[in-house]
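Worksheet: one structure, shown below.
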Amino acid sequence: MASSIFKVGQACRLLFKSKATQAPNLWKIVTLSERQIQTSSKWMGVTQLLMPSLSPTMEEGNIIAWHKKEGDKINPGDVLCDIQTDKAVVSMDTEEEGILAKILIPDNAKEIKVGVLIGLVVDEGDDWQNVEIPADAPSSSSPEKTSSQSSSASTQPDSVSSTTTPQKSNFMGPSVKKLLEEYGVKAAEVPHTGPHGALVKSDVITYVESKKIPRVQFDVTAPSVDTASSISSQPVVSELPALDDEPYIDIPHTSMRKTIAKRLTESKASVPHSYASINCRVSSVNQLRKRLVEQGVKVSMNDFIIKAVGLALQRVPRLNSTWKDGSAHISQTVDISVAVATDNGLITPIVKHAASLEVDEISSTVKELAGRARLGKLQLHEFQGGSFSISNLGMFGIKEFTAVINPPQTAIMAVGTSRIIIGPDGSPTPEMTVTLSYDSRVVDEIDASEFLEMFASIIESPEMMVQKSLSQARGFF
Amino acid sequence: MLSVFARNLRTLGCRGIYQSYHINNYATSTEASFETQPYKLHKLDEGPSTNVTVTRDDALTYYRQMQMIRRMETVAGNLYKSKIIRGFCHLYSGQEAICVGMEASINKKDAVITAYRAHGWTYIRGVSLVGVLAELTGKQSGCAQGKGGSMHMYNENFYGGNGIVGAQVPLGAGIAFALKYQKTDNICITLYGDGAANQGQLFEAYNMAKLWNLPCIFVCENNGYAMGTSLDRSSASTQYFSRGDYVPGVQVDGMDVLAVKECTRFCKDFVLKNGPILIEASTYRYSGHSMSDPGTSYRTREEVQEVRERRDPISKFKERIISANLATPEEIKKIDVEVRKEVDEATEVAKTDRELPLEELYNKIYSNPEPDYQVRGCDPTIMAASH
Ligand SMILES: Cc1ncc(C[n+]2csc(CCOP(=O)(O)OP(=O)(O)O)c2C)c(N)n1
Ligand SMILES: [Mg+2]
């Protein structure tokens with residue numbers, strides 16, 4: 001655009017050069033005013049008004065209404081029109097002085113891109129009525145289009161009025177909320193006048209003053225809560241007036257949640273957690289499982305994992321331990337806690353003697369325990385105790401994760417999903433990542449590595465797990 | 001053709017093409033004296049003179065300079081609204097008389113340091129229009145090669161644009177210390193806003209400046225507002241010229257270029273003999289704090305319009321010099337047209353100039369770095385040679 005304007009200016013200069021002998025100063029003046037302007041046939045200086053960006057993110061906007069008419073004098077600081085940006089209605093003011101010669105984009109025009117020519121300003125005294133409109137001005141400059149645009153806009157007045165009388169919004173600042181509480185007033189009662197219909201402090205102040213609402217007296221002494229009874233009793237319900245439109249929901253703290261929270265916090269805060277992971281190839285165990293399922297023995301990957309952990313714990317007993325009263329105790333039996341999700345939170349029923357159970361026995365044990373766990377019918381000894389924990393999120397597609405140790409146990413193994421990788425021979429093969437969290441007061445890096453290596457080698461050679469009755473009975477090996 | 005001329009001559013009155021025939025009608029006076037508003041003084045027995053004499057040439061220079069800054073800022077605002085200038089941008093419109101008046105009483109060896117509202121000062125300290133505007137558009141002919149933008153413009157003895165509110169004030173005291181230490185006859189003008197006036201570090205700077213009687217003029221450009229906070233809401237005492245306690249002070253009408261000039265002359269003389277002084281220049285900011293502030297939520301449009309009508313530093317000065325016969329309306333109009341042209345030409349350069357090539361990104365961080373000097377990028381893995 002600038003270049004075309006420049007050409008017009010050049011033409012102008014040439015035109016005047018021939019007059020130069022008659023009026024030398026005149027020539028000078030005209031070349032001087034050869035700025036970023038369009039020169040009309042009357043050689044007027046024209047300033048173009050472009051659609052401004054009035055917010056950092058604005059790409060386009062609506063012209064709500066012009067405050068000036070064509071032919072009006074404008075001064076620096078005057079408001080020319082109101083523009084709806086992507087954020088708010090903002091006034092467009094000008095630093096120019098002159099006459100608004102032409103409005104190219106009328107009131108109620110929508111989605112005008114930043115930089116589009118919306119009007120022309122000429123110097124005072126110039127013939128504003130005959131201002132020449134640049135060739136590349138928006139097409140809405142033709143009179144028919146202009147009137148059709150404004151009439152079409154007037155058929156949908158609500159969209160415009162909605163910008164001036166905004167809906168009530170839920171948005172309010174903390175100080176406003178505090179005021180509402182202090183006067184025991186509900187947000188819905190108070191007229192909202194803030195931006196985008198937000199409730200602002202002055203709204204509340206005006207409201208309580210006009211209604212002469214007194215401040216609510218609050219008891220400022222600390223609440224004396226009986227800690228012993230509060231655990232068993234119902235969750236404490238806030239005495240403050242409930243505000244509608246709260247942007248959050250309180251979840252009552254059940255006693256099970258409280259216990260979980262307390263134990264996890266204690267564990268993470270006081271047990272020095274260390275972590276180690278290993279990748280295991282699981283194609284053999286998958287194949288074995290498939291074959292068993294075909295034979296009517298319904299076992300899951302998880303059952304194999306429990307079995308493999310059991311065997312690995314037998315071989316690396318340091319991981320099969322608890323920490324009590326400042327020292328480690330190696331457990332005599334391998335009892336594996338298995339994390340089960342219930343509606344109330346995680347619970348860990350125990351598969352006792354996991355190392356010596358067959359995979360299908362493990363399977364039925366877990367099914368039975370998990371079923372009762374979900375019904376909340378486990379007995380204390382069925383989920384308390386245990387010498388090691390497994391948490392498996394493989395069925396959710398989790399690649400790998402770390403778990404929090406379940407004290408007084410000293411280790412927990414987090415199991416990820418089995419995913420396809422490119423094997424060493426270049427063909428796709430499933431792999432699973434397990435991550436051990438261990439109490440480094442009891443277990444050191446060597447123990448942890450040994451355990452993981454052992455686990456991996458068992459799970460990768462699953463025949464070790466089904467030597468006895470299963471394999472013999474079904475004649476696999 | 002000529003008949004069209006004739007019609008224009010009649011309708012245009014004293015403007016436009018008509019004036020060109022009278023351009024040689026120079027005004028008759030070569031010098032005139034003006035009364036300034038009274039100054040307010042703090043711990044001073046005598047203040048600057050309220051009677052200021054100015055020559056015709058100087059008057060026209062000041063007018064042109066103020067108009068140039070106003071036009072430059074108008075264009076900067078428009079470029080910003082066209083998304084050609086991005087990032088920070090704080091306009092000086094309304095405050096032009098301060099930098100123009102002060103520059104008129106110092107020389108190029110005197111130092112100036114100001115805050116982020118720096119375009120006017122950058123121009124008056126010798127950077128060209130292109131140097132300022134291309135810096136704003138991020139192009140290589142910008143005074144910091146487009147690397148600095150609005151708040152980071154510098155020139156010889158102009159220590160720039162500083163983005164941290166108040167931080168330039170201790171720096172200014174330090175510059176004054178250097179000037180004294182090197183036994184020069186120069187001073188440092190250290191500017192800050194009414195908002196910055198409440199920063200603790202200013203008082204530390206006043207203390208050391210007074211302790212060592214440094215040749216520093218602390219200037220509070222009181223434009224009535226900080227980032228939306230009016231001075232009454234921010235300052236326990238709005239008598240900014242008196243807030244240096246043991247540092248003397250003077251309040252001047254910052255909308256009167258001649259008063260500012262005389263006040264600065266007086267203060268330069270004073271600080272070279274007696275150590276620091278404070279100037280509070282009462283002025284007004286027409287635009288919002290920055291381009292993201294429309295400037296209308298904490299003050300009324302009427303207030304802004306009233307200042308434009310009654311106190312505008314440029315139109316008031318224009319009226320004065322015309323009525324004192326130092327210049328004719330035609331001469332003034334000619335300057336206006338020339339200013340527009342110059343600014344428009346510079347704008348064109350600022351828009352079309354090239355950005356600095358990417359290879360220059362890490363250069364010019366230190367002066368004369370060792371050969372193969374490496375600097376770190378935003379990311380610790382990036383190390384780049386810096387020249
Ligand atoms: C230390 C610091 N605090 C806050 C800001 C944000 N800020 C930038 S400018 C400004 C207002 C300063 O007002 P004033 O000193 O009156 O200068 P003016 O903008 O009026 O020229 C504020 C609070 C900042 N840049 N630095
Ligand atoms: Mg201020």
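So, in region B:203-231, exactly how many residues are assigned to a strand (DSSP E or B) and within 16 Å of ligand 2 (Cβ to nearest atom)?
Count: 7.
Got at least one residue in region B:119-132 being open to solvent by less than 10 Å² (accessible area, probe 1.4 Å), closer than 30 Å to B:PHE270 by Cβ, within 16 Å of ligand 1 (Cβ to nearest atom) and not in a helix (DSSP H, G or I)?
No, every residue in region B:119-132 fails to be open to solvent by less than 10 Å² (accessible area, probe 1.4 Å), closer than 30 Å to B:PHE270 by Cβ, within 16 Å of ligand 1 (Cβ to nearest atom) and not in a helix (DSSP H, G or I).
Which of the numbered conditions does B:GLU221 fail, given that it passes all the others? Conditions: (1) free of Cβ contacts under 8 Å to residues at least 40 places away in the same chain; (2) near ligand 1 (Cβ under 8 Å from one of its atoms); (3) crowded, with 24+ Cβ neighbours inside 10 Å.
(1)
For region A:327-343, give me each residue that is open to solvent by 50 Å² or more (accessible area, probe 1.4 Å) and at pLDDT below 90.
If the condition is that a residue be open to solvent by 50 Å² or more (accessible area, probe 1.4 Å) and at pLDDT below 90, then A:ALA341, A:ASP343 are the ones that fit.
Could you look through region B:92-108, keep only residues that are among the β-branched types (Val, Ile, Thr) and surrounded by 24 or more Cβ atoms within 10 Å (Cβ to Cβ), and pick out the one that is nearest to ligand 1 (Cβ to nearest atom)?
Only one residue tops the list, namely B:ILE98.
Would a scan of region B:182-195 turn up a residue that is assigned to a helix (DSSP H, G or I), more than 16 Å from ligand 2 (Cβ to nearest atom) and open to solvent by less than 70 Å² (accessible area, probe 1.4 Å)?
no
Does B:ALA236 qualify as being away from ligand 2 (no atom under 15 Å from the Cβ), in a helix (DSSP H, G or I) and among the hydrophobic types (A, V, I, L, M, F, W, C)?
Criteria not met by B:ALA236.
What's the number of the condition B:LEU79 fails, among (1) more than 14 Å from chain A (Cβ to nearest Cβ); (2) open to solvent by less than 40 Å² (accessible area, probe 1.4 Å)?
Every listed condition holds for B:LEU79 apart from (1).
Looking at region B:309-323 only, could you name the residues that are open to solvent by 30 Å² or more (accessible area, probe 1.4 Å) and either among the aliphatic types (A, V, I, L, M) or within 13 Å of chain A (Cβ to nearest Cβ) (or both)?
Selection gives B:GLU309, B:ARG310, B:ARG311, B:SER315, B:LYS318, B:ILE322.
Are there strands (runs of 3 or more DSSP E) fully within region A:17-86 with at least 1 residues that are facing another protein chain (nearest Cβ under 9 Å) and at pLDDT 50 or above? List them.
Per the criteria, A:46-50, A:79-84.
Can you list the strands (runs of 3 or more DSSP E) lying wholly within region A:344-437 that have 2 or more residues being open to solvent by 10 Å² or more (accessible area, probe 1.4 Å) and within 28 Å of A:HIS253 (Cβ to Cβ)?
Ranges flagged: A:345-347, A:388-392.
Here's a check for you: in region B:165-181, which residue that is open to solvent by 50 Å² or more (accessible area, probe 1.4 Å) and in contact with a Phe, Trp or Tyr (Cβ under 9 Å, 6 or more places away or on another chain) is farthest from ligand 1 (Cβ to nearest atom)?
Going through the qualifying residues, I end up with B:LYS180.
Can you spot a residue in region B:108-122 that is over 25 Å from B:GLN251 (Cβ atoms) and over 11 Å from the mean Cα position of the chain (by Cα)?
Taking every residue of region B:108-122 in turn, at least one turns out to be over 25 Å from B:GLN251 (Cβ atoms) and over 11 Å from the mean Cα position of the chain (by Cα).
Does region A:164-184 contain any residue that is buried (at least 17 other Cβ atoms within 10 Å of the Cβ), in contact with a strand residue (DSSP E or B) (Cβ under 6 Å, 6 or more places away or on another chain) and at pLDDT 50 or above?
Yes; the residues of region A:164-184 include at least one that is buried (at least 17 other Cβ atoms within 10 Å of the Cβ), in contact with a strand residue (DSSP E or B) (Cβ under 6 Å, 6 or more places away or on another chain) and at pLDDT 50 or above.
Among the residues that make up region B:205-215, is at least one of them of a type in the set (Lys, Arg) and under 25 Å from B:GLY126 (Cβ atoms)?
Scanning region B:205-215 turns up no residue that is of a type in the set (Lys, Arg) and under 25 Å from B:GLY126 (Cβ atoms).
Name the helices (runs of 4 or more DSSP H) wholly inside region B:274-372 in which the number of residues that are β-branched (Val, Ile, Thr) is 3 or more.
B:313-323, B:329-352
Being open to solvent by 10 Å² or more (accessible area, probe 1.4 Å) and within 16 Å of ligand 2 (Cβ to nearest atom) is the requirement here; does B:ASN162 meet it?
When the stated conditions are applied, B:ASN162 passes them.
Rundown of residues vs (1) open to solvent by 10 Å² or more (accessible area, probe 1.4 Å); (2) small (Gly, Ala, Ser); (3) within 16 Å of ligand 2 (Cβ to nearest atom); (4) free of Cβ contacts under 8 Å to residues at least 12 places away in the same chain, yes/no style:
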residue	(1), (2), (3), (4)
B:GLN201	yes, no, no, no
B:GLY249	no, yes, no, no
B:LEU258	no, no, no, no
B:GLU262	yes, no, no, no
B:VAL271	no, no, no, no
B:ILE277	no, no, no, no
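Could you pull out the residue among B:SER282, B:SER230, B:SER237 that is in contact with an Asp or Glu (Cβ under 8 Å, 6 or more places away or on another chain) and within 16 Å of ligand 1 (Cβ to nearest atom)?
B:SER282
Among the residues of region B:296-308 satisfying the criterion of being within 25 Å of B:MET102 (Cβ to Cβ) and either touching a residue at least 40 places away in the same chain (Cβ under 8 Å) or more than 16 Å from ligand 2 (Cβ to nearest atom) (or both), which is most open to solvent (accessible area, probe 1.4 Å)?
Restricting to residues being within 25 Å of B:MET102 (Cβ to Cβ) and either touching a residue at least 40 places away in the same chain (Cβ under 8 Å) or more than 16 Å from ligand 2 (Cβ to nearest atom) (or both), the top hit is B:ARG308.
Go through region A:89-100 and give me each residue that's assigned to a loop (DSSP other than H, G, I, E, B) and open to solvent by less than 40 Å² (accessible area, probe 1.4 Å).
Selection gives A:THR94, A:GLU96.
Do we have any residue at all in region B:96-106 that's of a type in the set (Asp, Glu) and more than 14 Å from chain A (Cβ to nearest Cβ)?
Yes, the conditions are met somewhere in region B:96-106.
The values are calculated or read from the model by the stated rules, or taken from the named source; none is laboratory data. Note that the coordinates shown come from a computational prediction; the quantities given were computed from them, not determined experimentally. All Cβ positions, glycine included, derive from the backbone under ideal geometry; neighbour counts span all protein chains shown. For the accessible areas, the whole protein counts, side chains as well, though only heavy atoms, and no ligand, DNA or RNA atoms are used. Shrake-Rupley method; radii C 1.70, N 1.55, O 1.52, S 1.80 Å.
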